[in-house]
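Since the structure comes first, as structure tokens, the remarks are kept for the end.
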Amino acid sequence: MTIQSEHSVRRWVSRSTIGRVFALSLVATTATATMGTAAVAAPSTHGGSQDLGPNVTVFDPSTPVSEIQAKLDATYAKQVDNEMGTARYAYYFKPGTYGTADQPLQFKVGYYTEIAGLGANPGDVVINGKVEVYNRCLENGGTSNCLALVNFWRTLSNLSINVNGKGQDGCRGSANFWAVSQAVSLRRINVTGGNLSLMDYCTAGPQYASGGFIADSKAGTIVNGSQQQWLTRNSEVGTWSNGVWNQVFAGVVGAPDDSAFPNPPYTTLATTPISREKPYLFVDANGKYNVRVPSAAKNTSGTTWSAGQTAGRTIPLSDFYVAKPGDSVSKINLALLAGKNLLLTPGTYDIARSIEVRWPNQVVLGIGHATLTAVNGSTPLEIADVPGIIVAGVTIDAGTKESDVLLRVGKEHNWLRFSDPKNPTTLSDVYFRVGGPHIGKTDTALQVNSDNVLIDHTWVWRGDHGVEGFTGGVNGDNQRWVTNTGRYGAVINGDNVTATGLFVEHFQKYNTVWNGEHGTTVLYQNELPYDPPTQADWMNGTVEGYAGYKVNNKVKFHNLYGAGVYVFNQNNPTIHTENGFEVPSTPGVKLHHIMTVNLSAGIIDHVVNGVGDPADTTKIGVPVYLADYPAA
């Protein structure tokens, strides 16, 4: 049921208020009975600093640049190769300027590291220098096979970079390099004084990169280079160079024209259908910590901060339960039931029963890539069928016992749903892993049952590599197929669900299944699973394989803009997949700028519904494009 009238909203809020009063009474009673185990107050502040745990560092403009440099360099040295590790870090900069023309602050960002400003606007924190990610060189002692294909899991937000390459060589000094792939976001960034490059062209080849996301940011010249796909949303750019397979722009001032698609392969929407920026920490004039929660907006372009503070609401951090690894889920849930919001500080959390988010407009904000790991087949995060819940900055890992779902938004087959198209439940920078750091098992990673939900950048990943103890090669891949199991990546059952930046990879049946009406996806990136042992293992009844993107045959209205499905059946190169996309053939279901591509093994026979040439090994790395389906 969609809430449409103001009266209905007030009535729902009234019921929520009554419920919270009851919950607060329950918490008070429970706290008395359990000698304080249900306390919900956030940690106290001391001298204007907030206790956010041992893996959060807050810098002040008075801190010497050399001290900041040493701290960040030491963390990078730990994290540059720590792809499957458990360490998590967040580094925050209070308002002010860091680095000078003669002594710039130049540092690199490794795995599971968040860098962010604590100003109300990006211009409140200025770094004179560079904040960078380079290729990883994986062979010959780190001198060759240099690429960014596995530069995952890092975050940069809410600050300005005045690019200064002093002291670097001529190539390194030519840009601020941000060579990344999936599960990496740039938000609320203003780059001035130099170029922003999304590839690292200063190392030996092949210099590949595969995916990324920019939102609510501004930059002059952006060098896209070898990036295979990228979404830029609600931003402002001067010029954009290059494009490999799939470059999508939504609500971007200065975005390139897409009329010559696929040469270059640009997809440009003048406005974003619906957007909401990710919540962010900031420090007010009194030194108090707050979380700004941006409002949702429809059909917008450009940044939210160019004319002043981003529209939205401010929540003091005292209204959050500040969780740290080791806190019990019971304690967290009592705080949420009492109406607290939840801040997950950096670290890994073992979740044996669901964290339950019940109230409208509650916020769950993870910092430093906080990670929830399913234990004993749990669903780590359950979101109620109510308006305006926000989950942001959280990674969810499958555990060794199979979970039904890793994150569920709303109950299945629930006729009593409350939602608001002007205030969608929102998932921002929420990432999923099935395998990688350890064996993982789930039936479905993300299940959305509620109506009016916004998915703003997610990577839903069944691991194609990791440290699960497999031997590699064909035997190792066979083992992965039966041990590291995930059937469905994203299953969308709700109506009016929008996804901006939907990356889903390697699941063993449909990677994405869209059952709800009036769905919209802006940029979809998918790799089919690498590891089916035989064609018999990769059959959908009598159909060869599962499409990378499936819209239910009963759906009447759906829009998809800028999408790619890739095949790399390295375990058995003879395997076929009949279609990259499967959708009902009806005028209300429209696919715009879609493609398939062969990465060197296996075959996708058609792009969509039997239409389009095969992506086979005669055209490795050469996409098969369709401008529109049905044909315009």
Discussion item. Considering only residues that are surrounded by fewer than 24 Cβ atoms within 10 Å (Cβ to Cβ), in contact (Cβ under 8 Å) with a residue 24 or more places away in the chain and hydrophobic (A, V, I, L, M, F, W, C), which ones fall in the stretch 490-537?
Written reply: Val491, Val513
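Might you let me know whether the stretch 317-339 holds any residue that is under 26 Å from Leu156 (Cβ atoms) and among the polar types (S, T, N, Q)?
no
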Discussion item. Just checking, does the stretch 546-564 include any residue being farther than 20 Å from Gly516 by Cα and touching an Asp or Glu at 6+ places or on another chain (Cβ under 8 Å)?
Written reply: no
Worksheet item: Quick one: how many residues across the stretch 562-573 are buried (at least 24 other Cβ atoms within 10 Å of the Cβ) and either without any contact (Cβ under 8 Å) to a residue 12 or more places away in the chain or assigned to a strand (DSSP E or B) (or both)?
Response: 6
Fill in: Sole exception among (1) over 26 Å from Arg187 (Cα atoms); (2) outside any strand (DSSP E or B) for Pro387, by number
(1)
Item to complete: Kindly establish whether Arg487 is surrounded by fewer than 24 Cβ atoms within 10 Å (Cβ to Cβ), at pLDDT 95 or above and in contact with a strand residue (DSSP E or B) (Cβ under 9 Å, 6 or more places away or on another chain).
Response: yes
Practice prompt. Please go through the stretch 329-359 and pick out each residue that is of a type in the set (Asp, Glu) and either part of a helix (DSSP H, G or I) or in contact with a helix residue (DSSP H, G or I) (Cβ under 7 Å, 6 or more places away or on another chain) (or both).
Written response: Glu356
Practice prompt. Determine whether Tyr530 is among the hydroxyl-bearing types (Ser, Thr, Tyr) and either assigned to a loop (DSSP other than H, G, I, E, B) or touching a helix residue (DSSP H, G or I) at 6+ places or on another chain (Cβ under 8 Å) (or both).
Written response: yes
Worksheet item: Does Val504 satisfy the criteria of being touching a Leu at 6+ places or on another chain (Cβ under 9 Å), closer than 12 Å to His558 by Cβ and of a type outside the set (Gly, Ala, Ser)?
Response: no
Worksheet item: From Thr268, Thr314, Thr304, which residue is touching a strand residue (DSSP E or B) at 6+ places or on another chain (Cβ under 7 Å), among the polar types (S, T, N, Q), under 15 Å from Arg188 (Cβ atoms) and not assigned by TED's automatic domain parsing to the domain that holds Ala374?
Response: Thr304
Worksheet item: Among the strands (runs of 3 or more DSSP E) confined wholly to the stretch 250-328, which include 3 or more residues that are crowded, with 17+ Cβ neighbours inside 10 Å?
Response: 266-269, 272-276, 280-283, 289-294, 296-300, 320-323
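The values are calculated or read from the model by the stated rules, or taken from the named source; none is laboratory data. If you're wondering where the values come from, they're calculated on a predicted model, not measured in any experiment. Note: ideal-geometry Cβ built from the backbone for every residue, glycine included; neighbour counts use all protein chains shown.
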